[in-house]
Amino acid sequence: MVIELSFPSELGYEVVARDAVAAFARCIGFGKERVEDLKTALSEACINAIEHGNLLQSDLRVHVTCREEQDHLLIDVEDQGLQVFVPGQQSLSIEEKIAGLGPLRGMGLMMMMELSDKAEFVSGSTGNCFRMTFYRHPSPVSQKLSV
């Protein structure tokens, strides 16, 4: 089963995507805690697509595709890529950022990686595409993106 959403690059629409995908996840048997993780991570991914990929240009679109696979969901968030994501060098930990050793920006990406079972940038058809995998029950060894 697949659901697809498309919305303008305007802050606030991430809530629509978050709520739709959360309802879908609940319908296919995801528990409350996993749904909350998914909602937070998806909101962050959509906000990143709006702000960073599409540079807040409301005439551009963000596309969210959510696919049910055997025991997990694959969620793709794709922007139109006015600004292409280029992974930085070794990123600082949250503790290092809080200690003032670097900018606080970039914590959303860290949060998305921690809340999902797998997180990565994949080739998109029009721009940046961030893919998250959520298992119904978190896997003991998650595969995280290294940025």
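Checking the condition crowded, with 21+ Cβ neighbours inside 10 Å and at pLDDT 75 or above, which residue from ILE50, ILE98 passes?
Result of the check over ILE50, ILE98: ILE50.
What number of residues within the stretch 1-41 satisfy the criterion of being of a type in the set (S, T, N, Q) and under 14 Å from the mean Cα position of the chain (by Cα)? Quick ask: steps written out before the conclusion?
From the stretch 1-41, those of a type in the set (S, T, N, Q) are 6, 9, 40; that's our starting set.
Now narrow it down to the ones that are under 14 Å from the mean Cα position of the chain (by Cα): 40.
Counting residues in the stretch 1-41 that are of a type in the set (S, T, N, Q) and under 14 Å from the mean Cα position of the chain (by Cα) gives 1.
Take the stretch 24-47 and flag every residue that is among the small types (Gly, Ala, Ser) and either modelled with pLDDT of 95 or more or part of a helix (DSSP H, G or I) (or both).
Selection gives ALA25, ALA41, SER43, ALA45.
Quick one: would you say THR65 is within 24 Å of MET107 (Cβ to Cβ), surrounded by fewer than 19 Cβ atoms within 10 Å (Cβ to Cβ), among the hydroxyl-bearing types (Ser, Thr, Tyr) and in contact (Cβ under 8 Å) with a residue 60 or more places away in the chain?
Details: within 24 Å of MET107 (Cβ to Cβ): no; surrounded by fewer than 19 Cβ atoms within 10 Å (Cβ to Cβ): yes; among the hydroxyl-bearing types (Ser, Thr, Tyr): yes; in contact (Cβ under 8 Å) with a residue 60 or more places away in the chain: yes.
Answer is no for this residue.
Given the conditions (1) at pLDDT 95 or above; (2) surrounded by fewer than 13 Cβ atoms within 10 Å (Cβ to Cβ); (3) not in a loop (DSSP other than H, G, I, E, B); (4) not β-branched (Val, Ile, Thr), and given that LEU5 satisfies all but one, which numbered condition is not satisfied?
(2)
Take ASP59 and decide whether it is in a strand (DSSP E or B) and either more than 16 Å from the chain's Cα centre (by Cα) or surrounded by fewer than 18 Cβ atoms within 10 Å (Cβ to Cβ) (or both).
no
Quick check on the stretch 81-95: of everything there that is surrounded by fewer than 17 Cβ atoms within 10 Å (Cβ to Cβ) and under 17 Å from the mean Cα position of the chain (by Cα), which residue is modelled with the lowest pLDDT?
PRO87
The values are calculated or read from the model by the stated rules, or taken from the named source; none is laboratory data. All figures in this text were calculated on a predicted structure; none of them were measured in a lab. Here Cβ is always computed from backbone atoms with ideal geometry, including for glycine, and neighbour counts include all displayed protein chains.
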